[in-house]
Amino acid sequence: MERTNINFIEQQAGLPTRLTQIPTLLQLHETLQSLATEVTSAGPSGPPCLRLFIVEDLSRGVIEALGSRFDIDALFFREQTEDYIWHNTRDPWVKTPDLHATMKRRKWFRVRNARLRYHKSERSFQDSRLEAAAFNVLRRPDDDANHWRYQDAKGSVVSTTRTKTTIWVGEDRMCANTTVGIVLLDPTTKHGYPLWYDRANWIPLTDMFTSQARPSPSSESWFADITQSTLSYPWFQPSAAGAAIDVRRIVLPAIYTVCAEWLVVCEYVKARLGQVEWMMEMPALFIARGPEVDRALKKLNVWRRQVPAWREMVAETLHQTIPAAKRLTLDPNRAHDDDDAFGDVTADFERVLDMLDRLQARIDRLSDRGNAEMQLEAARQSLAESHDLARLTWLATIFVPLTFMSGLFSMTDDVGSITGTFRVYFAAAVPVAFISLVIARWGSVVFRGVARLLFKKAE
């Protein structure tokens, strides 16, 4: 209830950026009280200031402290706690979609994405699930069920987790020139590490003639990555101590990091689909082994379920998140052609959306191809069985007369003495055989007709 892990970043015009770590709820209350004291001593109209709270996980105490201090809508915190793709009809916690008219007037927005994590063993993956179960926000690492036994390490697991970042941008009512931002982030499990070790680094590295070092994003945790990229903003121009306040510092680090993570996800799905395609191109490995067909189709079914949900997340970011971020960080004093950071990241998200569309089309093609291969294999097996049945028919054609003759000559040694028995046998056997053929023929017709009538009545 009192879990607290917050990085407090404060920037004032003409002063260097300050970072304060807040690990306890008591220290959070003291920090908020000190801010109120500073405002009281300096007066209501102090110098321009930007204050940003980067929060990992949530707790009742953090929600109460920040929500009451800055008068924040409770839906802002509720949006961060859950993460459902769909709900059961009996779920009482369902939150129905909001109207665009309502979202356009909110001071907060969310950005959803998927994160990948590599585990060297099944034990590491299970420990990660247990660790995530102790979060205050609902998150669950899932096995992607795409382990490839020909190249992947034995027992290794790649987990996928639906994650969410919620950002609030507002003012401190005690100080007219203070902009406040709150960024809610998901915790990162200590087990496993990011797939391929890290996402792409978009922060320019230090050259040989620059005295001030620019830190690059680390793979320590999602919380540390967002904090580090926030401290190093702006990334594509020299940053000097006491630079002018840019409110986009609140929203751009999270949005850029999410976009870079999406590119890793798309590259990973592309790699897995390439493995399935390679299996299909080797008939000796894919077609000749029946279980391999089922495994490939099960792997494709995982992506058929997840990729549409991911596409919806990216489309939401393009159509709702980025416009909301622009609206909340709009500065009338900044020229529109000055460092179009939102335009750059919008183009990257459109690129991700296009990649997901092409991956979805590729998944559908591979699924159709896999089903066709299975039908072709079934047809081959049916043809082989029909050949075997034809051989049995020829054998029966040969041995039925022989069986008849052996039965005939086994009745008695003197065949001529049972001439009357022959007449009675054929007189009885031929009509019985004919009646049996008629019953078999018309009985099947009558049965199909009755079944058809019952089916129509059921409809």
Matching residues in segment 172-201 - criterion: being modelled with pLDDT under 90 and among the acidic types (Asp, Glu)
Asp172, Asp198
The lone exception for Pro204 - which of (1) exposed (fewer than 15 other Cβ atoms within 10 Å of the Cβ); (2) modelled with pLDDT of 90 or more it fails
(2)
Please count how many residues of segment 85-140 are closer than 28 Å to Thr321 by Cα, free of Cβ contacts under 8 Å to residues at least 12 places away in the same chain and part of a loop (DSSP other than H, G, I, E, B).
12
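From the list Leu75, Leu130, exactly one residue is over 23 Å from Pro253 (Cβ atoms) and open to solvent by 70 Å² or more (accessible area, probe 1.4 Å). Which is it?
Details: Leu75 fails: open to solvent by 70 Å² or more (accessible area, probe 1.4 Å).
One residue alone meets the criteria, Leu130.
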Give me the residue from segment 78-109 that is among the basic types (Lys, Arg) and within 18 Å of Ile250 (Cα to Cα) and, out of that set, surrounded by the fewest Cβ atoms within 10 Å (Cβ to Cβ).
Arg106
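Identify the residue in segment 328-378 that is closer than 30 Å to Thr179 by Cβ, in contact with a Leu (Cβ under 9 Å, 6 or more places away or on another chain) and open to solvent by less than 50 Å² (accessible area, probe 1.4 Å) and, among all such residues, is modelled with the lowest pLDDT.
Ala341
Okay, residues lined up against (1) at pLDDT below 90; (2) exposed (fewer than 14 other Cβ atoms within 10 Å of the Cβ):
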{"residue": "Tyr268", "(1), (2)": "no, no"}
{"residue": "Arg272", "(1), (2)": "no, no"}
{"residue": "Met279", "(1), (2)": "yes, no"}
{"residue": "Gly290", "(1), (2)": "yes, yes"}
{"residue": "Leu297", "(1), (2)": "yes, no"}
{"residue": "Gln306", "(1), (2)": "no, no"}
{"residue": "Val314", "(1), (2)": "no, no"}
{"residue": "Leu318", "(1), (2)": "no, no"}
{"residue": "Pro323", "(1), (2)": "no, no"}
Odd one out for Leu184 among (1) under 21 Å from the mean Cα position of the chain (by Cα); (2) open to solvent by 10 Å² or more (accessible area, probe 1.4 Å); (3) touching a residue at least 60 places away in the same chain (Cβ under 8 Å):
(2)
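The values are calculated or read from the model by the stated rules, or taken from the named source; none is laboratory data. As the structure is a prediction and not an experimental result, all values here were calculated from the model. Note: ideal-geometry Cβ built from the backbone for every residue, glycine included; neighbour counts use all protein chains shown. All accessible areas refer to the heavy atoms of the entire protein, side chains included, with ligands and DNA or RNA removed. Shrake-Rupley method; radii C 1.70, N 1.55, O 1.52, S 1.80 Å.
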